[in-house]
1. Amide H to amide H under 5 Å from A:Y204: which residues, 5+ apart in sequence or cross-chain, H placed 1.01 Å off N in plane?
2. Using the Karplus curve 6.51 cos²θ - 1.76 cosθ + 1.60 with θ = phi - 60°, work out ³J(HN,Hα) for each residue of the stretch B:148-162 in order, rounded to whole Hz, and write x for Gly and Pro.
3. With 24 Å as the limit, write out which pairs from B:K163/B:K228; B:K78/B:K357; B:K33/B:K148; B:K136/B:K313; A:K152/A:K190 have Cα-Cα distances beyond it, or answer none.
4. What is the spin-label model distance, in nm, from A:A71 to B:N128 if the labels are put 7 Å beyond Cα along the C-beta direction?
5. Going by C-beta contacts inside 10 Å, put B:C111, B:C369 in order with the fewest on the left.
6. Near A:H203, within a Cβ-to-Cβ distance under 10 Å, what is the net charge of the other residues, with Lys and Arg +1 and Asp and Glu -1?
7. At B:A115 and A:K239, where each label point lies 7 Å from the Cα along Cα→Cβ, what is the point-to-point distance in nanometres?
8. Using a 10 Å cut-off around each Cβ, can you sort A:R107, B:R265 from fewest to most neighbouring Cβ atoms?
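Where a number appears in this text, it was derived from the coordinates with a stated rule and is not lab data. The model shown is predicted, which means the values in this text are computed figures rather than measured ones. Quick reminder, even Gly has a Cβ in these numbers, built from the backbone with ideal geometry, and neighbours come from all protein chains shown.
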Amino acid sequence: MLKINNLHASVEDKSILKGINLEVKAGEVHAIMGPNGSGKSTLASVIAGKEEYEVTDGNILLDNEDIEDLAAEERAHKGVFLSFQYPVEIPGVSVTNFMKTAINQTRKAKGLEDMPAKEMLQLIREKSELLEIDRKFLSRSLNEGFSGGEKKRNEIFQMAMLEPKLAILDETDSGLDIDALRIVANGVNKLKSKDNAVIVITHYQRLLDYIVPDFVHVLYNGKIVKSGGKELAHELEEKGYDWIKEEEDAKNN
Amino acid sequence: MSLKDKLVSSFIAFENHVDIDSKIHDIRSEAIKTFETEGFPTKKDEAWKYTSLNSVLKHDYSVFPKQENALEYNDIKKYFIHDIDTYKIVFIDGKYSSHLSETTHDGLDVCLMSAALSKPKYQLVIDNYFNKIATKDGLSSLNTAFSKEGAYIHIPKNKVVAKPIQILHFSTGNESTLLLQPRNLIVVEENAHVQIIERHQSVTDNPVLTNSVTEIAANKRAIVDYYKIQNDNKNASLIDSTFVDQKRESHVSVHTFSFGGKLTRNNLNFYQNGEHMDSTLNGVTIIGDKQHVDHNTLVHHIEPNCESHQDYKGIFNDSSTGVFNGKVIVNKEAQKTNAFQSNNNILLSDKSTINSKPQLEIFADDVKCSHGCTIGQLDESALFYMKSRGIPEKEAKGLLMYAFSNNVLKSVKIPELKQRITKIIATKLGVNIGFDL
């Protein structure tokens, strides 16, 4: 589904990603871990199409199509979803109206009519129950005054509404207490199928107890320096990242 | 001959025309003298520093329309709020159009200034209120000198007016260049409520200059909501001076929606003569091309325990320019005043300009006064967030701008009007917002 080849990316001439190779197949869950500043969020933003990042080498293929020239919204229409580490507040636009706009614009891009209001309400009801979201919450301005946990739960609610092919969860666990973490993970697990894939970006192993990955990759200094199964996450949790840094730094010297 | 000279020399002909014995003859004569001394404001006047009238005063305006012009309702229906029942006072090229209007004398007066100025039964109200609230600056004096027609609204004590009143001024442009000077008087007696929607609309591209003066008297516990829709054609200019005199425990709000015209200047003045009242001044400006909109507001807190709220939002595209000059005066006696002012602007183009100038003159020591002004671009991170959810850039920008002005729309109390304004905003921003508003 997703194939990343030798991806180099920079922002304001500062090189951040330095040759990423990654293949994610339908039905798989991949975890990307790594110390702060290793390029995890940059990788997520580059896949989602943030314009500030310039791809200087390599490519990203989604279903064998190079998506470099596609705008963020076109990637979204093709099924890419990014759950933001820091969801943006949009005062004056309610959660419901935001989702209506997003869904209908996506449908429009696919040549479909707007979703009938009744169907939309039904979908909103179903998905908000899945994420245990209070109805009143949906008429509030998007992310405005939301707690950290509410913002993250709202991100997964949006994911549930949009049913993406490839979901990238960027530090979705940060700011969540254990109950919220369980709800969010439960939501993600329910949405998982053999036709979609999830990339979980996280600093800690905690979330991976709930969303169990098929593969774990360690990103350091703009490269994937180690890949393995879920046991790698446990190893990192025990030993921290220092041994990886030392190994890598030794190689480079 | 300059426009000023032409106007001064037209005055005698005007007075002969309207009736020299009119009881406001003295007021008019005094006003023309003031105009002769003061003239039109120039950029040397502090309050006109960022707005030059040169480009609108260069035309050779006809002061008296030579012919009567008519418009068919179907051609101008779109300018009315027609989905609800309203009273209507409609003018075409400054002349009253009875077939488009719906006035009343049944329990309240919604009628014409010309009638109020000439009929004895209105004399007391005219004596008490006419030209008592307006300032004696050059432009208002010019309007006073030529005052003849406009809306006259009198709401008696305890009357809650069930339907809104629309005041519409159309200009046909059949005269090549036209100067219009409507004069409105709105008197709301004790404990009475009224909602008014006012619109100036030219229906061709010929240059029109409107120099409008509105006096609003809100007596004890009166509630007045006044909405101004300014969405004129590109060659029409508007100078709108509105003066509000509030008595104790009254609530007055004025919303100004400025989307069109070549040059628009709003002088909005509130005088709080009493305790425990509030004044609301809200505005949304969305312009482009070379349009210019200037909001010049004054709230004068004269007595204690009152509030004022000002919230002006502006979105400026292309080479458009905006001005916000908000003055708040708090007298020494006006303790416990709460005065808030906020002016937020988005510049969409490198060539657009906004001059924002809050002026607070506070002479009391136990008050809460705040003002805030922001000037910025659209939030890039919000745009990316929306795009990543599949909302295209154009729609995302539109939604963000709609959201930006939404705070002001929230306080519009007539749902049909709110819908109409939202529609104008959506059209103006070139987007389909994507949900029912």
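1. It is none; the list stays empty.
2. Result, ordered by residue: 8, 9, x, 9, 10, 10, 10, 10, x, 3, 6, 7, 9, 6, 6 Hz.
3. Over 24 Å apart, Cα to Cα: B:K78/B:K357; B:K136/B:K313.
4. Spacing of the two 7 Å Cα→Cβ label points: 6.0 nm.
5. B:C369, B:C111
6. 0
7. It is 9.3 nm.
8. So the ranking, lowest neighbour count to highest, is A:R107, B:R265.
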